[in-house]
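This report concerns only the one structure given below.
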Amino acid sequence: MLGRFFKRGLGEEAAISRPTAERVFARRLSTEFAAASQRTEADNFDHDRYGPAEIAGHSARAGAMAGHTLDSLIGEPENWERLYELFADDASRDWFLQLTLYRLLGYQHVRLRSNTPAHHACIAKAKSLGKPGAALSGGYGEARQYRFDGLHGLPVVLEGWWFNMAWPFLLRQYFFERDGVRIAPESGDVVIDAGACFGDTTVAFADAVGDTGQVHAFEVVPGNLAVARHNLALNPRFATQVRLDPRALGQDPGILYLHGSGPGAMVSADPVGVAVQVVTIDDYVESARLAHVDFVKMDIEGSEPKALEGARETLRRWRPKLAISLYHRPPDLTQIPLWVDNLGLGYRLYLDHHTIHQEETVLYAVAG
């Protein structure tokens, strides 16, 4: 059934209204969809992220993602074509194509390019590092303490779980480098870390920008905030350069409500749960009297579009480098990059992905 609807949306009927030359993405997707749907991939399920008990729930979420993606491809094909052409390199276009296939067909049929021995070796290394005895507890197994030299040869201390070491420090999720293009915090940069969670990214950014830079981090979940503060206290050299703010980021100042706990907690207007203050990035930048903003990272569980709306003046004024998560809401994969391009600020767009499942897709953007 999926193949039939897919053919209807991107095949003969679509060709009536759009010349073949303008349908590069649709033609590639149609060809690779047909091939992938005939394959069955073995050993392609991420048991670290989704244990055996979660397979049923994962399948339900994957089905919803496939349905939404298909509806968008059929209803808004021009957005997919436009974005495919907007990406600044072939690697980004290839990722866009493969992630779309993965959303449609799932892990049974699509093996992401990230599923490599090098990726699994990095995960194994993260699990092997650190020492027991960290002053933390939670539902992720035993917390560990990690001590290592940072980017400038100075010591870094982090307490948490293996994934806190893997993505910020080993896989370097928010430090994009490909074919001579680098989009990352540099010495002296002023960074906005939207979604500090346990403070791992905040610590990584503070280490990168050095004592001449600043990191302004936002984390709204009380439990996450406590761990982030703990990790910053373990690194006293960051005390003067990091500011940790407990407010949520949004399009307008006001009140939202916190739903859930842990890394996956989110805020919404649904008046259930704990009320939290909301600040816009533009208002924060003005009130904090920031001299410039050089890098903005967002991983805020679906609040990225509204937080970006609340940062329009900051983006226009300084055109900071961007690293924005695209995987929390199905529309984000296309809508956020197109929104950034529609600002008309000359951003070049790159796409990368950092897991063997559908999470951790990041848009990187740099103004040229």
Query - Pair list, Cβ < 8 Å and 6+ apart or interchain, from the stretch 15-42 residues that are part of a helix (DSSP H, G or I) and at pLDDT 95 or above to residues that are open to solvent by less than 50 Å² (accessible area, probe 1.4 Å) and of a type in the set (Val, Ile, Thr) - result: Leu29/Thr100; Ala36/Val110
Report task. Examine the stretch 228-235 for a residue that is modelled with pLDDT of 95 or more, in contact with a Phe, Trp or Tyr (Cβ under 9 Å, 6 or more places away or on another chain) and open to solvent by 20 Å² or more (accessible area, probe 1.4 Å), and state whether such a residue exists. Result -> yes
**Report entry** Close pairs (8 angstrom Cβ cut-off, 6 or more residues apart or separate chains): touching a residue at least 40 places away in the same chain (Cβ under 8 Å) in the stretch 280-297, open to solvent by 40 Å² or more (accessible area, probe 1.4 Å) and of a type in the set (A, V, I, L, M, F, W, C) anywhere
**Finding:** His292/Trp318; Val293/Trp318; Asp294/Trp318
Report task. Under 6 Å between Cβ atoms, at least 6 apart or on separate chains: pull out the pairs that start in the stretch 335-355 with a residue that is aromatic (Phe, Trp, Tyr) and end on any residue that is at pLDDT 95 or above and surrounded by 17 or more Cβ atoms within 10 Å (Cβ to Cβ). Result -> Tyr347/Val340; Tyr347/Ala365; Tyr350/Ala88; Tyr350/Ser92; Tyr350/Tyr364
Requested in this report: Search the stretch 357-368 for residues being within 14 Å of the chain's Cα centre (by Cα) and of a type in the set (A, V, I, L, M), and hand back the single one that is farthest from Arg312 (Cα to Cα).
Outcome: Val362
Report task. Residues being open to solvent by less than 30 Å² (accessible area, probe 1.4 Å) and either in contact with a strand residue (DSSP E or B) (Cβ under 9 Å, 6 or more places away or on another chain) or of a type in the set (A, V, I, L, M) (or both): count how many of those fall in the stretch 328-344. Result -> 7
Query raised in the report: Are any residues in the stretch 100-114 farther than 18 Å from Phe176 by Cα and either open to solvent by 20 Å² or more (accessible area, probe 1.4 Å) or assigned to a helix (DSSP H, G or I) (or both), and if so, which ones?
Result: Thr100, Leu101, Tyr102, Arg103, Leu104, Leu105, Tyr107, Gln108, His109, Arg111
Requested in this report: Find the residue count for the stretch 189-217, including only residues that are open to solvent by 10 Å² or more (accessible area, probe 1.4 Å), without any contact (Cβ under 8 Å) to a residue 40 or more places away in the chain and under 18 Å from Pro320 (Cα atoms).
Outcome: 1
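Determine if the stretch 207-225 includes at least one residue that is at positive phi and either at pLDDT 95 or above or basic (Lys, Arg) (or both). Give the steps one after another, and end with the answer.
Taking the stretch 207-225 first, the residues at positive phi are 210.
If we keep only those that are either at pLDDT 95 or above or basic (Lys, Arg) (or both) too, we end up with 210.
Checked against the condition, which is being at positive phi and either at pLDDT 95 or above or basic (Lys, Arg) (or both), the stretch 207-225 yields at least one hit.
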Query raised in the report: Among the residues of the stretch 254-278, how many are more than 29 Å from Trp167 (Cα to Cα) and not in a strand (DSSP E or B)?
Result: 5
Report task. Kindly indicate whether any position in the stretch 63-82 is closer than 18 Å to Glu360 by Cα, hydrophobic (A, V, I, L, M, F, W, C) and open to solvent by less than 40 Å² (accessible area, probe 1.4 Å). Result -> yes
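Counting only residues that are touching a strand residue (DSSP E or B) at 6+ places or on another chain (Cβ under 6 Å) and buried (at least 20 other Cβ atoms within 10 Å of the Cβ), which one in the stretch 157-181 is farthest from Val227 (Cα to Cα)?
Phe176
Limited to the stretch 304-327, what total is found for residues that are open to solvent by 10 Å² or more (accessible area, probe 1.4 Å) and in contact (Cβ under 8 Å) with a residue 60 or more places away in the chain?
1
Here is a yes/no grid of residues against (1) over 16 Å from Ala196 (Cβ atoms); (2) of a type outside the set (Asp, Glu):
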site	(1), (2)
Val242	no, yes
Leu256	yes, yes
Ser268	yes, yes
Asp294	yes, no
Ser303	no, yes
Arg312	yes, yes
Query - Residue satisfying condition, being open to solvent by 10 Å² or more (accessible area, probe 1.4 Å), touching a strand residue (DSSP E or B) at 6+ places or on another chain (Cβ under 6 Å) and not acidic (Asp, Glu), within set Tyr347, Tyr364 - result: Tyr347
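The values are calculated or read from the model by the stated rules, or taken from the named source; none is laboratory data. Quantities reported herein were computed from a predicted structural model and do not represent experimental measurements. In this analysis, Cβ positions are derived from the backbone assuming ideal geometry, glycine residues included, and neighbour counts consider all displayed protein chains. For accessibility, only protein heavy atoms count, side chains too; no ligands or nucleic acids. Shrake-Rupley method; radii C 1.70, N 1.55, O 1.52, S 1.80 Å.
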